[in-house]
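Before any comments, here is the structure.
Each reported figure results from applying straightforward, stated rules to the coordinates on display, with no laboratory input. Given the structure is predicted, the values throughout are model-derived calculations rather than measurements. Using ideal geometry, Cβ is built from the backbone for each residue, glycine included, and neighbour counts are taken over all protein chains shown.
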Amino acid sequence: MSCFINNEWIKEQELMLSIIENGSSKGDMPAWKDKFANDEIRCVEIYVLSFIQ
């Protein structure tokens, strides 16, 4: 299982937002854009960022 937070995965907030919306290229994380509204996706982004700040 891959690490939830690592420097390769979180280089920029735009990349993280893209991964949350579209899923990861390796398939480790599913796409959420069809399941969550934009404000909910932003909340997920803020939650993940809280682990590294």
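Quick notes on this one:
- Taking other Cβ atoms within 10 Å as a rough exposure proxy, Phe51, Phe36 sort from fewest to most as Phe51, Phe36.
- Panel order for Glu14, Glu21, by other beta carbons found within 10 Å of each beta carbon, from fewest to most: Glu14, Glu21.
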